[in-house]
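The values are calculated or read from the model by the stated rules, or taken from the named source; none is laboratory data. Since we're looking at a predicted model, the values are computed, not measured. Neighbour counts are summed over all protein chains in view; Cβ atoms, including those assigned to glycine, are modelled from backbone coordinates with ideal geometry. Calculation scope for accessible area: heavy atoms of the full protein, side chains included, ligands and nucleic acids excluded. Shrake-Rupley method; radii C 1.70, N 1.55, O 1.52, S 1.80 Å.
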Amino acid sequence: MLKSIKYSFSIIFLVLSLISFSQERPKVAVVLSGGGAKGIAHVGFLKVMEQAGIVPDMILGTSMGSIVGGLYSIGFTPDSIEKMMEQQDWELILGNKVGLRQINMEEKREYDKFIAEFPLKGIVPQLPKGVIKGHELELLFEKLTWTAAGDTNFDNFNIPFRCVAVDMLSGEPYIFKSGQLSVAMRASMSIPTIMEPVKYRGMLLVDGGLINNFPVDVAKEMGADIIIGVYVGGQLKDEEELNSVFSLLTQSSLMASINDAKNKKSLLDVYIEPPLKDLTAADFDKSKILIQRGFDESMKYYNQLMKISKELQKYPLKEIERKPMIDSIRIGEFETTKIENPNTRKMVANIIGSNLGGIVKSNDIHQEISALYGTRLFDKIGYQLSPIDSVKYSIKYQISESPTRLLNFAFNYSTDVEASIILQLILRNQLIRGSKFELKTRLGREPALFFRFMKYLDANYKNNIAFGFSNNVSTYLVYDLESGKFSQDYRYRNNRFFFEYNRLISLSSEFKAYYKYESQYFKTRIAPEPGEFETYKLKGHYVGLAYQRNSLDKKYFPKSGSLFGVLTILRLSSKSNIQIDENDSTVQNHEINVSTDDPDQFFARFSYNNYFGKNRLIFSNEANVFFSSENFYNLNSFIVGGVSDYGNYQNISFYGMPYNYAFANTGLTYRFNARYELIHKLYVSLAVNGLYEVASYQNLIKSVDDWDRYHLGYGAGISYESPVGPVSVFVSKNLSYSHFWTYFNIGYQF
């Protein structure tokens, strides 16, 4: 009897157990809102969620929420997402330019020297669709989503995923549930007017936050039973905070989205809102703070999350089968979008077709894209991977060619050249394929003109020939270093015609052989001392060889990389004409011809930068060695003085001397510079430099007998990387003299 009762209870227990386990496990959804950089706080929540043991059945996001959610859905852990966020150069990724290292040597000279670039339609400048084209951002997303390259259905991810964008053409939201994950993430965060919209299946997609920044409703539609929402979006400001036109416009544009998110709070089982009011949507450089805020706030809801976790434990355990992260594939075939120019098309095929049939890593593909983008022939280059079979992938490159006509604009004010406006016209592949026409002018007290025509000689765009002409006018003042006063004022005009052959060895190095004809004309504007000249004319024919390597990460305020250059010039013939008094017919003429066995000029420069990231301290060292065979001022003399990098190897800056101060033929300089980043883009600098000269000509042709051959100078200043170019204020001094020299600059120089 007892055995029978015991058996009956066992049957009842088994039936109850079967009934219990036959119940369907409730579906858990995690919804992550948009909020720009503030969306990085979502990573802190994911850490807490994993600690609580919750494995969601779906994850949904908008804008930055789609980035964090998308990466988590394909297998990234919260720690790996955190590491990725901290390692990124967000200024570069969210900017409209690539790093200087990705630009080839042909283009480095003029790259990143203008406030704005306007494509021309006919002769009319056009405005872009967005401030940011998103080239670097798309490449980052493509690199991070290789693991999902074979998945077009987002339900096949480790965790099913959805993200929201908005079609600007229809005004309707678009829910990504399939396709290329990198495209979905890029579209979901394309803030209108800031980032270019994404063209996709006949739509023009922008940031989903315009309509649905907190897609809780989408989770409900997918059948979610339990919804956990993390909101980092905008908040309505009070009356005191609405104190400007900008704040009113911002609130009015976000009001609908904020109210929509507020109304959805009632649909949530857990609502988490990290305190981020003191941070902005642009604070991408504060990822550690954002993640910690997200973590700390989520820990306040840990007990609620644990209740959900314990409820889920009543059902069969759900485990995520994390797919291995992919970083190498075998390319079986490739194709590109249509490229009009046949030379460009051939170059692209030569570069990206080199890996066909081989195993490549994401970095290999990105290096190829850098080689293409470095020509500046392309606006944007992306790619899509899709599996051919279990071993091979096809890769489709989406290439957007740059406008063939550009008008560039900048302005500058400095104590050296005063105010100026700089305009540049660039024409690519006009009339002659594989060519570039460049016309640049400076309008101001010291006008300048530069013209250059270049033609590539091969399909890989490695060899080119160029010819051109330059003309510029400058002012040379002869100062007394002790008092800071000047005694003479020369007006200088330079004309140069050149022809050159360039061999691009790599993105960062080139070899050059060239011929130049140069003429210079000096005229005294303030009466010189007796016996000195009033006009001085020079002209000459030269040939030269040069090698340069530039691996700097940025043109201005570099944090890493080096610069090395060496140049030698041989004079074929030259002539100088000196006139002491314009009213006197006495003229001194002489012609000089130098043997081809001896170089007329030699120059070498080396600079190196070290960056100590934790301390934001950058050390740089620079050395210049220069030699000219003449013992009087000539076309190849070097000009020492000033603070700026003047972009001309013959102008050597030196702290403690004014701009264009001393004319030197042979000597060397060395500089040590320490630069500290106080806050983002704001630097303080301290520099010490030395100069040793064999021969100096302070006033062009008269050697200064009492000129000290050894000089030591120092300087200190503050600089800012502004949207309109570098802003710098420096004070410098020569230890041999009491006068201090000041320098101010705003904007990009010619």
(request) Name the lysines eligible as straight-distance cross-link partners of LYS523: C-alpha to C-alpha under 23 Å, and not fewer than 8 places from it in the same chain. (result) LYS485, LYS537, LYS539, LYS575, LYS702
(request) Work out how much length PHE606 to ASP379 would gain on full extension: take 0.36 nm times their residue separation and subtract the Cα-Cα distance, in nm to one decimal. (result) 78.5 nm
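Ranked highest first by average number of other Cβ atoms within 10 Å, how do 290-298, 338-346 line up?
Per-residue mean Cβ counts within 10 Å order the peptides as 290-298, 338-346.
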(request) Using a cut-off of 13 Å between beta-carbons, work out the net charge of the residues near ALA165 (Lys and Arg +1, Asp and Glu -1, ALA165 not included). (result) +2
(request) Could you sort out which of LYS277/LYS554; LYS396/LYS554; LYS133/LYS220; LYS346/LYS392; LYS440/LYS516; LYS108/LYS462 sit more than 26 Å apart by Cα distance in this structure? (result) LYS277/LYS554; LYS396/LYS554; LYS133/LYS220
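Length gain on complete extension for the stretch PHE334 to LEU169, per 0.36 nm per residue less the alpha carbon to alpha carbon distance? Present the calculation step by step, with values, prior to reporting the outcome.
On the way: separation 165, 0.36 × 165 = 59.40 nm, distance 3.18 nm.
Result for the pair: 56.2 nm of gain on full extension.
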(request) Could you pull the accessible area for MET325 with a 1.4 Å probe, rounded to 10 Å²? (result) 100
(message) If you count only protein heavy atoms with a 1.4 Å probe, what accessible area per residue comes out for the stretch 290-439, rounded to a whole Å²?
(response) 52
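For the stretch 26-66, with all protein chains present and a 1.4 Å probe, just round the carbon and sulfur fraction of the accessible area to a whole percent.
43
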(request) Could you work out how far the C-alpha centroid of the stretch 420-499 sits from that of the stretch 77-103, in angstrom? (result) 35
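What accessible area per residue, rounded to a whole number of Å², is obtained for the stretch 79-148 using a probe radius of 1.4 Å?
44
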(message) Apply the a/c threshold of 1.5 to the C-alpha gyration tensor of the stretch 80-223 and tell me whether it is rounded, prolate or oblate.
(response) oblate
(request) Could you please state how large a percent of the accessible area of the stretch 147-208 is carbon and sulfur, counting protein chains only and using a 1.4 Å probe? (result) 55
(request) Treating only the Cβ atoms of Lys and Arg (+1) and Asp and Glu (-1) as charged, compute the dipole magnitude of the stretch 62-196 about its Cα centre; round to the nearest 20 debye. (result) 240
